Amino acid sequence: MEMDFERCYRAVDSRDQRFDGWFYTGVTSTGIYCRPSCPATTPKRQNVRFFPSAAAAQGAGLRACRRCRPDAAPGSPEWDVRADVVGRAMRLIADGVVDRGGVPGLAARLGYTERHLHRMLRAEMGAGPLALARAQRAQTARILIETTGLGMAEIAFAAGFGSVRQFNDTVREVYASAPSELRAARGRQQAPPGAGTISLRLAYRPPLHARALLDFLALRALPGVEEVRDGTYHRGLRLPHGVGQVALTPADGYVAATLRLADLRDLAPAVARCRRLLDLDADPVAVDGTLAADPALAPVVAAEPGIRAPRAVDGFEMAVRAVIGQQISVTAARTTLTRLLKHVDHEVAAGDASMSGQQLHDRRVEGRGDLRGFLSAEELLSVPDAGFGMPAGRRETLRALARAVVDGSVDLAPGGDREETVRRLLTLPGIGPWTAGYLAMRALGDPDVFLGTDLAVRRGAASLGLPDDPTTLDAYADRWRPWRSYATIRLWRAA
């Protein structure tokens, strides 16, 4: 957003939570930076500066406010929505690409030189890629310090720092406290959870229609991979350094997340993917305001504010779901996917004489064992014809898709180029506009996709008195730009 002083100051003066993550308030008289909704006394105008990122505030020599925890604010919806290079870079940094491959790795993913990428990020974010990644490492370190009993050296490397000295210096600079002091303060508030478990709160901008989110995920839940139970969504994760599991429970003002990770270096990517899955960085007030301007949608928006557009923790997983879901019901697609995963379970258990594949699968389904992440592209390519349980054409589409992901010609990661990815998807056999659009919406996070040919969308439109002819409906949907993905979700719900 534009750093207009008057607009930003009014948001700070009113403590408007909607602007948390949009910008950060630097207070020069105290040397701290805050989120706009910080409950502290509003600073005087002459003592205030506004920054587009926490990294920019840190670069100006300010430390994070201990009261409002600005580093834990929701992400900016601007970077969640935008499809340009800066938006893609911000999503990849959140996913830990700089920690794993450095700035050269980030630049290579985006197709730009390091110098040009640095220039673009400095111009829009007030900080370069290294500073942005460093701010994220500091937040990861604070979470590990306050929620685990790990030693400081272990935390330093798990958070992505190159040395313990770098870790200590960064924590002191960002939080004005030594790591041991942060832990001591934590100890006075609550005891850390059990070994190997990390508990944290994922902030969002209200309102959040939690029931709609859980309903959507429960209907599509795959046994052994995910489940919704007692108001909590559980699922297995496949992460850059290993596997993990997460339990997500919506609460008032935040989503409680409990993570179990094989490698703690995966904390930041796991958090980023959970946020994307639940669409927690959205601006629901802006979305609902646009959709409610249509008299046909106004009643459902008023009845259920804060509907989100669920996304994905794994782009390839969503691609397989989309292909299998072509022209069949959600229930039928779930049955076919379950059969495919059950075959993989049998293969995994083949070398384990202590347990049959059926026993392994049943244990996961009944919640007695670990939930696993979805199969990888490489694993799908190793599945024999008999393991697919679907027409030969669809099976070959899945294999073509998996080969494209393996060789890098199709990028389904959060930072992928949306237009280029859709173009390449459409060149694959068996993938048409509906499948490519579905993936743009759920895997790539495009907020402005409308699936006018989708049968459930047409039924939902008819139930609200809207035209259900695909061509007419598609033209009508132009009034919902740039939030047509959210309109699609609402029409599905209406159906």
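Just to check your reading of the model, which residue among Ala221, Ala184, Ala156 is surrounded by fewer than 20 Cβ atoms within 10 Å (Cβ to Cβ) and outside any loop (DSSP other than H, G, I, E, B)?
Unique residue meeting the criteria: Ala184.
Taking segment 122-144 as the search range and keeping residues that are touching a residue at least 60 places away in the same chain (Cβ under 8 Å), among the small types (Gly, Ala, Ser) and in a helix (DSSP H, G or I), which one is most open to solvent (accessible area, probe 1.4 Å)?
Ala131
Looking at (1) open to solvent by 10 Å² or more (accessible area, probe 1.4 Å); (2) assigned to a helix (DSSP H, G or I); (3) closer than 18 Å to Phe216 by Cα; (4) not polar (S, T, N, Q), find the lone condition where Asp474 falls short.
Result: Asp474 fails condition (3) only.
Look through segment 318-354, keep the residues that are in a loop (DSSP other than H, G, I, E, B) and of a type in the set (Ser, Thr, Tyr), and return whichever of them is modelled with the highest pLDDT.
Just the residues of segment 318-354 that are in a loop (DSSP other than H, G, I, E, B), to begin with: 325-329, 350-354.
Add one more test, that the residue is of a type in the set (Ser, Thr, Tyr), and what stays is 329, 354.
Values: Ser329: 90, Ser354: 49.
Going through the qualifying residues, I end up with Ser329.
Mind listing whichever residues of segment 291-312 are closer than 26 Å to Ala272 by Cβ and either open to solvent by 20 Å² or more (accessible area, probe 1.4 Å) or in contact with a Ser or Thr (Cβ under 6 Å, 6 or more places away or on another chain) (or both)?
Here is the first cut: in segment 291-312, the residues closer than 26 Å to Ala272 by Cβ are 305-312.
If the condition is that a residue be closer than 26 Å to Ala272 by Cβ and either open to solvent by 20 Å² or more (accessible area, probe 1.4 Å) or in contact with a Ser or Thr (Cβ under 6 Å, 6 or more places away or on another chain) (or both), then Pro305, Ala309 are the ones that fit.
Kindly check whether there is at least one residue in segment 50-72 that is open to solvent by 20 Å² or more (accessible area, probe 1.4 Å), at positive phi and under 23 Å from the mean Cα position of the chain (by Cα).
So far as segment 50-72 goes, yes, one or more of its residues are open to solvent by 20 Å² or more (accessible area, probe 1.4 Å), at positive phi and under 23 Å from the mean Cα position of the chain (by Cα).
Cβ-Cβ under 9 Å, sequence separation 6+ or interchain: first residue in segment 59-76 and touching a residue at least 24 places away in the same chain (Cβ under 8 Å) and charged (D, E, K, R), partner surrounded by fewer than 17 Cβ atoms within 10 Å (Cβ to Cβ) and part of a loop (DSSP other than H, G, I, E, B). Which pairs?
Once the first residue is touching a residue at least 24 places away in the same chain (Cβ under 8 Å) and charged (D, E, K, R) and sits in segment 59-76, its partners that are surrounded by fewer than 17 Cβ atoms within 10 Å (Cβ to Cβ) and part of a loop (DSSP other than H, G, I, E, B) give Arg63/Gly31; Arg63/Ala176; Arg66/Ala176; Arg67/Pro39; Arg67/Ala40.
Quickly run through segment 355-400 and pick out the residues that are aliphatic (A, V, I, L, M), at pLDDT below 80 and open to solvent by less than 40 Å² (accessible area, probe 1.4 Å).
The answer is Leu360, and nothing else.
Looking at Val313, Val246, Val255, can you tell me which residue is in contact with a strand residue (DSSP E or B) (Cβ under 7 Å, 6 or more places away or on another chain), in a loop (DSSP other than H, G, I, E, B) and either among the β-branched types (Val, Ile, Thr) or on the phi > 0 side of the Ramachandran plot (or both)? Please lay out each step first, then the result.
Numbers: Val246 fails: in a loop (DSSP other than H, G, I, E, B); Val255 fails: in a loop (DSSP other than H, G, I, E, B).
Testing whether each residue is in contact with a strand residue (DSSP E or B) (Cβ under 7 Å, 6 or more places away or on another chain), in a loop (DSSP other than H, G, I, E, B) and either among the β-branched types (Val, Ile, Thr) or on the phi > 0 side of the Ramachandran plot (or both) leaves just Val313.
Please go through segment 232-252 and give me each residue that is out of contact with any helix residue (DSSP H, G or I) (no Cβ under 7 Å at 6 or more places or on another chain) and either open to solvent by 40 Å² or more (accessible area, probe 1.4 Å) or farther than 16 Å from Arg201 by Cβ (or both), ordered by number.
From segment 232-252, those out of contact with any helix residue (DSSP H, G or I) (no Cβ under 7 Å at 6 or more places or on another chain) are 232, 234-236, 238, 243, 245, 247, 249, 251-252; that's our starting set.
Of everything in segment 232-252, those that are out of contact with any helix residue (DSSP H, G or I) (no Cβ under 7 Å at 6 or more places or on another chain) and either open to solvent by 40 Å² or more (accessible area, probe 1.4 Å) or farther than 16 Å from Arg201 by Cβ (or both) turn out to be His234, Arg235, Gly236, Arg238, Val243, Gln245, Thr249, Asp252.
Determine, yes or no, whether Val255 is surrounded by 15 or more Cβ atoms within 10 Å (Cβ to Cβ) and more than 19 Å from Ala309 (Cβ to Cβ).
Working: surrounded by 15 or more Cβ atoms within 10 Å (Cβ to Cβ): yes; more than 19 Å from Ala309 (Cβ to Cβ): no.
Against the criterion (surrounded by 15 or more Cβ atoms within 10 Å (Cβ to Cβ) and more than 19 Å from Ala309 (Cβ to Cβ)), Val255 does not qualify.
If the requirement is being touching a residue at least 12 places away in the same chain (Cβ under 8 Å), outside any strand (DSSP E or B) and at negative phi, which of these qualifies: Arg211, Arg238, Arg201, Arg276?
Working: Arg211 fails: touching a residue at least 12 places away in the same chain (Cβ under 8 Å); Arg238 fails: outside any strand (DSSP E or B); Arg201 fails: outside any strand (DSSP E or B).
Matching residue, one of Arg211, Arg238, Arg201, Arg276: Arg276.
The values are calculated or read from the model by the stated rules, or taken from the named source; none is laboratory data. Computed from a prediction, not measured in an experiment: that's the story for all the values here. Virtual Cβ from ideal backbone geometry, glycine too; neighbours counted across all protein chains shown. Side chains are part of the model used for accessible areas, which takes the heavy atoms of the whole protein and leaves out ligands, DNA and RNA. Shrake-Rupley method; radii C 1.70, N 1.55, O 1.52, S 1.80 Å.
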